[in-house]
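For reference, the structure discussed in these notes is given below.
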Amino acid sequence: MKKVLIDCDPGIDDALALALVAGSPSLDVVGITTVGGNVDLELTTANALALREFLGLGEVPVTPGSGGALLHRTVRAGHVHGATGLGDAVLPVPERGPSPGHAVDFIVEALRADPGEITLVAVGPLTNLALAVRKEPRVVEWARELVIMGGSYTRGNHSPAAEFNMLADPEAAAIVFGAGWTVRMLGLDVTLTAVATSDVLERMRPLGRLADRLLVPAARSYGVVTAEGGPAIHDACAVAYVLEPSLFTCVPAVVNVETAGAYTRGMTVTDFNLRDRRANALLATALDVKGFWELVLGAYEGLAARLG
Ligand code: BDR
Ligand code: CA
């Protein structure tokens, strides 16, 4: 069993990533923390609570965190994820509320209590993680690994140069990349190949309630469609990396996050030429797309059988 703590901003692809988590018996979820990102914190938290119950994640604590970026204006992606953040998916109203306290404290205390065991998976803006690093720098030693969906060495999506999670809080991203750990970075370079094509949607369709209430309406209403004719399920790549790193080709690099550029704010400036420097990132450069979907759809099938 691998212990994971998921920091997220659900978000359609966050929801599909949480479904992958819930369908993966080899993962032990120690907690879900939320951050304002795709939509406001109140909505990302409400969505995480609804997903916890709908996906059968039991007693996993859901702890809300930061509502906005450390320094600058708030950036949202409601045009991609819809007004609620889950597109056309409407989940049953959850019975239980969030845990008391703040996500940053939850992250610090979870890692302190179990050093070397918990993999942090961050699929939203990095505000909570940056604050955790600032509050307790030893989280960097205590985390087993940090895996993020964010950035890119080739292109942006929310701006020509920047990926959404980076642009939503570039200062936080700069703190996280500069903290001393090796960030496992699943950027747009690979996540844009994780496309839910019409063939993939056909395989989701028979999966009962899971498909009818979540997978299909959410995927179909995703606001950005790739050239392959479907949405890219970015955040599921981070979970897939934790489950099966061999699906990804990875290269060490030095990544710096641009915080000042008029056109390049939020860009993950990537140097593959290490010279005498330590790599602060292990960057995914290619994904075995077929293997990815076998993993994801297999997990969804198992989950659907359990949920009925
Ligand atoms: C990332 O931005 C968000 O809109 C998605 O949930 C994903 O985490 C992709 O750029
Ligand atoms: Ca996300």
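The values are calculated or read from the model by the stated rules, or taken from the named source; none is laboratory data. Keep in mind it's a predicted model, so treat the numbers as computed, not measured. With ideal geometry, Cβ positions are generated from the backbone for all residues, glycine too; neighbour counts draw on all protein chains shown. When the accessible area is computed, the model is the full protein with side chains, heavy atoms only, and any ligands, DNA or RNA have been set aside. Shrake-Rupley method; radii C 1.70, N 1.55, O 1.52, S 1.80 Å.
May I ask what percent, to the nearest 5, of DSSP beta bridges between residues of the chain are antiparallel?
Here the share of antiparallel DSSP bridges comes out near 30 percent.
Under 11 Å from the Cβ of Ser24, count the other residues' Cβ atoms, weight Lys and Arg +1, Asp and Glu -1, and hand me the total.
Neighbourhood net charge equals -1.
Over the chain, what is the relative contact order in whole percent, taking alpha-carbon pairs under 8 Å and six or more residues apart?
20 percent
Between Arg138 and Ser246, what is 0.36 nm times their sequence separation minus the Cα-Cα distance? Round to one decimal in nm.
36.0 nm
Could you name the aspartates and glutamates whose alpha carbon sits less than 15 Å from that of Lys2, not counting residues in the same chain fewer than 8 places away?
Asp28, Asp114, Glu117, Glu145, Glu244
Give me the one-decimal nm value for the distance between modelled label points at Glu53 and Thr154, 7 Å along each residue's Cα-to-Cβ direction.
For Glu53 paired with Thr154, the spin-label model returns 4.2 nm.
With a probe of 1.4 Å, find how much accessible area the stretch 2-307 has per residue, and write the answer as a whole number in Å².
38 Å²
By a straight-distance test (C-alpha under 16 Å), which aspartates and glutamates pair with Lys135 as possible cross-link partners, with residues fewer than eight away in the same chain excluded?
Asp105, Glu109, Glu171
Accessible area of His102, 1.4 Å probe, to the nearest 10 Å²?
70 Å²
Local charge sum around Glu294 (other residues, Cβ-Cβ under 14 Å, Lys/Arg +1, Asp/Glu -1)?
-2
Taking the alpha-carbon centroid of each part, what is the distance from the stretch 97-148 to the stretch 1-52 in angstrom?
Cα centroid of the stretch 97-148 versus Cα centroid of the stretch 1-52: 14 Å apart.
Treating cross-link reach as a plain straight distance, find the lysines whose alpha-carbon is under 19 Å from the alpha-carbon of Lys290, omitting any fewer than eight places away in the same chain.
Leaving aside lysines fewer than 8 places away in the same chain, none come within reach of Lys290.
With the full set of protein chains in place, find how many percent of the accessible area of the stretch 183-308 is carbon and sulfur; take the probe as 1.4 Å.
Solvent-exposed carbon and sulfur of the stretch 183-308 make up 54 percent of the total.
Based on the alpha-carbon gyration tensor of the stretch 1-137 and its eigenvalue square roots a ≥ b ≥ c, which shape applies: rounded if a/c is under 1.5, prolate if not and a/b is larger than b/c, or oblate?
Cα axes put the stretch 1-137 in the oblate bin.
Return the loop-located GluC sites (Glu not before Pro) in the stretch 88-127 (DSSP other than H, G, I, E, B) with at most 13 other Cβ atoms within 10 Å of their own Cβ; answer none if there are none.
When the GluC sites (Glu not before Pro) of the stretch 88-127 are filtered for loop state and at most 13 Cβ neighbours within 10 Å, Glu95 remain.
Where Rh denotes the Kirkwood radius from the mean inverse Cα pair distance, what is Rg over Rh for the stretch 2-307?
0.93
Show that you can apply the helix-only estimate: for the chain, add -39,500 (n - 2.57) for every DSSP H stretch of four or more residues, divide by all residues, and state [θ] at 222 nm to the nearest 500.
Taken over the chain, the calculation gives -10000 deg cm²/dmol.
Of the accessible area of the stretch 1-71, with the probe set at 1.4 angstrom, what percent is carbon plus sulfur?
56 percent
For Val93, Val4, Val140, give the ranking by accessible area with the largest first, probe 1.4 Å.
Sorted descending by solvent-accessible area, the residues read Val93, Val140, Val4.
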